[in-house]
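Nothing in this text is a laboratory measurement; each read-out follows from the coordinates by a stated rule. None of the values given here were measured: they were computed from a predicted structure. Cβ sites come from the backbone with ideal geometry, for glycine too, and all protein chains shown count toward neighbours.
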Amino acid sequence: MNHFLDIHTTDPEALRGMIDQAQTMKDARAGQPKATPDAEQPLKNHMVALIFEKPSTRTRVSFDVGVRQMGGQTMVLSGTDLQLGHGESIADTARVLSRYVDMIMIRTFEESVLQELAEYASVPVINGLTNRTHPCQIMADVMTYEEHNGPIKGKKVVWTGDGNNVCASFLHAAGQFEFDFTFVGPPSLDPEAEFIDLARSKGVNVTIERDADKAVQGADLVVADTWVSMHDSQSTRQRRHNLLKPYQVNDHLMAQAKDDALFMHCLPAHREEEVTSSVMDGPRSVIFDEAENRLHAQKAVMRWCLGK
Ligand code: CP
Ligand code: NVA
């Protein structure tokens, strides 16, 4: 049994195996209706709890569909409906849920909730986003990059804007998949030093830039995310918008990147804020492949968690 809590705590060979398996499973399903069962049914007779303490479209639907394609069943639970939201301890919740279900995916606020759940659960726990990381997203992103442009190893990935949870998982992935990482944004929104230091300690070429045009030169992949994350106070909204405006991904910025550079965004996006519609809907954008690949990548993650 394996937990999938973060990219840096998962063995690089295992990560590579998941990406490859995800692509194989995707190819095998091509053109079939979405509810067609996979030829292999590794989750047959398995029950998976999907817990959401924050909103979600992609994570919710892709996990639910993925489990069903692999022959399992799901229950989608909102954090506020559980006793967890009314004072029952995380440890007790973990012990109880482990008696009913075979795997737990959770989207929560504090990373400590995820960690405590994993510590006390006797079934695999998957990180579906915390305030600090979003590893499932980056598995889909690596898969999507490689599907379009080949191995990500040695490529230059440029993160624009807020050094948030998705950015942190990209930094983790840079160490495991061996790509270069540039962050460009205002100093007050830099990724936490812990993430930068860890990546550097693994030999990643990490660059912190303030000038967007300069940062994107030679980029193989340009990435944006919302300027205000779900855990950010709405009172910081105006300040964040003012700080982040110079880092909008638009046609001018994309023109500084390599000719075959891709654009990614985990979605949901705020059109004309962090990215223009011309880029989102333009030829470099792979955002909807990225969204689709959440499904395939997470199916491989779940199989790995269950040793199947
Ligand atoms: N990218 C992502 O995790 O989307 P949702 O918030 O819709 O799950
Ligand atoms: N950084 C965003 C990602 C949403 C998928 C958030 O945490 O709200």
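Below are the figures for this structure:
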quantity: Some residue of segment 90-106 being away from ligand 2 (no atom under 16 Å from the Cβ), free of Cβ contacts under 8 Å to residues at least 60 places away in the same chain and assigned to a strand (DSSP E or B); calculated: yes
quantity: Matching option when the condition is in contact with a Leu (Cβ under 6 Å, 6 or more places away or on another chain) and within 30 Å of Ile19 (Cβ to Cβ), among Leu253, Leu262, Leu267, Leu295; calculated: Leu262
quantity: Unmet criterion (only one of (1) closer than 28 Å to Pro37 by Cα; (2) under 21 Å from the mean Cα position of the chain (by Cα)) for Gly79; calculated: (1)
quantity: Test: Phe109 is within 16 Å of ligand 2 (Cβ to nearest atom), closer than 17 Å to His3 by Cα and among the aromatic types (Phe, Trp, Tyr); calculated: no
quantity: Failed item, numbered, when Ser229 is tested on (1) of a type outside the set (A, V, I, L, M, F, W, C); (2) outside any helix (DSSP H, G or I); (3) away from ligand 1 (no atom under 16 Å from the Cβ); calculated: (3)
quantity: Test: residue in segment 205-223 that is within 16 Å of ligand 2 (Cβ to nearest atom) and either in a helix (DSSP H, G or I) or not acidic (Asp, Glu) (or both); calculated: yes
quantity: So Val123, is it in a loop (DSSP other than H, G, I, E, B), away from ligand 2 (no atom under 15 Å from the Cβ) and crowded, with 19+ Cβ neighbours inside 10 Å; calculated: yes
quantity: Any hit, segment 38-48, residues being exposed (fewer than 12 other Cβ atoms within 10 Å of the Cβ), in a helix (DSSP H, G or I) and not polar (S, T, N, Q); calculated: no
quantity: Test: residue in segment 285-292 that is part of a loop (DSSP other than H, G, I, E, B) and either touching a Phe, Trp or Tyr at 6+ places or on another chain (Cβ under 8 Å) or buried (at least 21 other Cβ atoms within 10 Å of the Cβ) (or both); calculated: yes
quantity: Complete set of residues in segment 201-220 that are under 21 Å from the mean Cα position of the chain (by Cα) and of a type in the set (D, E, K, R); calculated: Lys202, Asp220
quantity: Residues located in segment 49-74, provided they are buried (at least 17 other Cβ atoms within 10 Å of the Cβ), away from ligand 2 (no atom under 16 Å from the Cβ) and not in a strand (DSSP E or B); calculated: Asp64, Val65, Gly66, Val67, Arg68, Gln69, Met70, Gly72
quantity: Check on Phe170, outside any helix (DSSP H, G or I) and hydrophobic (A, V, I, L, M, F, W, C); calculated: no
